[in-house]
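Q: Mind looking over this structure? Questions follow.
The values are calculated or read from the model by the stated rules, or taken from the named source; none is laboratory data. This is a predicted model, so every value here is computed, not measured. When we count neighbours, we look across all protein chains shown, and the Cβ atoms used for this are built from the backbone with ideal geometry, even at glycine. Heavy atoms of the whole protein, side chains included, go into the accessibility calculation; ligands, DNA and RNA do not. Shrake-Rupley method; radii C 1.70, N 1.55, O 1.52, S 1.80 Å.
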Amino acid sequence: MFIQTESTPNPATLKFLPGQTVLDAGTADFPSAETADTSPLAARIFAVDGTTGVFFGTDFVTVTKADSVDWDHVKPAILGAIMEHFQSGQPVMAGEAQQAGGHAEHTGPDGEIVGQIKELLDSRVRPAVAQDGGDITFHGFDKGVVYLHMQGACAGCPSSTLTLKMGIENLLRHYIPEVVEVRPVA
């Protein structure tokens, strides 16, 4: 098994490409070791000292490390953990664990606007963000403000504010005049 790695815009996060499917659909975000109990793979990666976050896409795993740790020290152990997991035959997600389908549900008078926002996110934003090892999903819409949830390499990325304000906000405002601002949610 050969696992490729790619850097991401977030210097604390690396993207690992195992050359096979990680999740059949959706994404899974593990912002801490305590949240990894639904995934044998995430638990195995968190066993590597210095790991602070794990995120799964359909064909990649992104891992975020502590600032005090050097990639040269943890990357070989993470590669080993991913390789051991896939060779073990264990599932990526345990039992009936659900990966996220993406966007939050929205009920209210702005249903048509929210549908347009989700469509633009799915067609224009999420594919580009996935290439960088992350995901951005719709969280809410209120009085012209779109709230987005950033995961994987996007969470804590130094350029995430620029991506949100200059990229996504401008795109949404161009196509949907009702949108006046985009804000991240934790």
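Q: Scan (1) surrounded by fewer than 17 Cβ atoms within 10 Å (Cβ to Cβ); (2) under 13 Å from the mean Cα position of the chain (by Cα) for the single condition THR27 breaks and write down its number.
A: All conditions are met except number (1).
Q: Do you know which of the residues in the range 1-17 that are in a loop (DSSP other than H, G, I, E, B) and touching a strand residue (DSSP E or B) at 6+ places or on another chain (Cβ under 8 Å) is surrounded by the most Cβ atoms within 10 Å (Cβ to Cβ)?
A: To start, the set of residues in the range 1-17 that are in a loop (DSSP other than H, G, I, E, B) comprises 1-3, 8-12.
In the following step, the residues that additionally are touching a strand residue (DSSP E or B) at 6+ places or on another chain (Cβ under 8 Å) were identified as 3, 8, 10, 12.
On the way: ILE3: 16, THR8: 20, ASN10: 23, ALA12: 19.
Step by step, filter the range 1-17, then rank; the result is ASN10.
Condition check ((1) open to solvent by less than 40 Å² (accessible area, probe 1.4 Å); (2) at pLDDT 90 or above; (3) within 27 Å of ALA47 (Cβ to Cβ)) across all residues:
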| site | (1), (2), (3) |
| --- | --- |
| GLN87 | no, yes, yes |
| HIS106 | no, no, no |
| SER123 | no, no, no |
| VAL129 | yes, no, no |
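Q: Within the range 1-48, can you find the residues that are among the acidic types (Asp, Glu) and in contact with a Leu (Cβ under 8 Å, 6 or more places away or on another chain)?
A: The answer is GLU6, and nothing else.
Q: Checking the conditions here, which among PRO18, PRO40 is touching a Phe, Trp or Tyr at 6+ places or on another chain (Cβ under 8 Å) and more than 23 Å from ASP122 (Cα to Cα)?
A: Selected residue: PRO18, the only one of PRO18, PRO40 that is touching a Phe, Trp or Tyr at 6+ places or on another chain (Cβ under 8 Å) and more than 23 Å from ASP122 (Cα to Cα).
Q: Does at least one position in the range 19-26 carry a residue that is out of contact with any strand residue (DSSP E or B) (no Cβ under 9 Å at 6 or more places or on another chain) and of a type in the set (Ser, Thr, Tyr)?
A: Yes, some residue in the range 19-26 is out of contact with any strand residue (DSSP E or B) (no Cβ under 9 Å at 6 or more places or on another chain) and of a type in the set (Ser, Thr, Tyr).
Q: May I ask you to list the residues in the range 148-167 that are surrounded by fewer than 20 Cβ atoms within 10 Å (Cβ to Cβ) and not in a helix (DSSP H, G or I)?
A: Matches in the range 148-167: GLY156, PRO158, SER159.
Q: Say we look at the range 30-46 and pick out the residues that are touching a residue at least 40 places away in the same chain (Cβ under 8 Å) and assigned to a loop (DSSP other than H, G, I, E, B); which of these is least open to solvent (accessible area, probe 1.4 Å)?
A: SER39
Condition check ((1) at pLDDT 95 or above; (2) open to solvent by 50 Å² or more (accessible area, probe 1.4 Å)) across all residues:
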| site | (1), (2) |
| --- | --- |
| GLY19 | no, yes |
| VAL48 | yes, no |
| PHE56 | no, no |
| ASP59 | no, yes |
| LEU79 | yes, no |
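Q: Within the range 168-179, can you find the residues that are open to solvent by 30 Å² or more (accessible area, probe 1.4 Å), in contact (Cβ under 8 Å) with a residue 24 or more places away in the chain and out of contact with any Asp or Glu (no Cβ under 8 Å at 6 or more places or on another chain)?
A: LEU171, TYR175, listed by residue number.
Q: Could you list all residues from the range 131-147 that are surrounded by 14 or more Cβ atoms within 10 Å (Cβ to Cβ) and either in a loop (DSSP other than H, G, I, E, B) or over 12 Å from the mean Cα position of the chain (by Cα) (or both)?
A: Within the range 131-147, ASP132, GLY133, PHE138, HIS139, GLY140, PHE141, GLY144, VAL146, TYR147 qualify.
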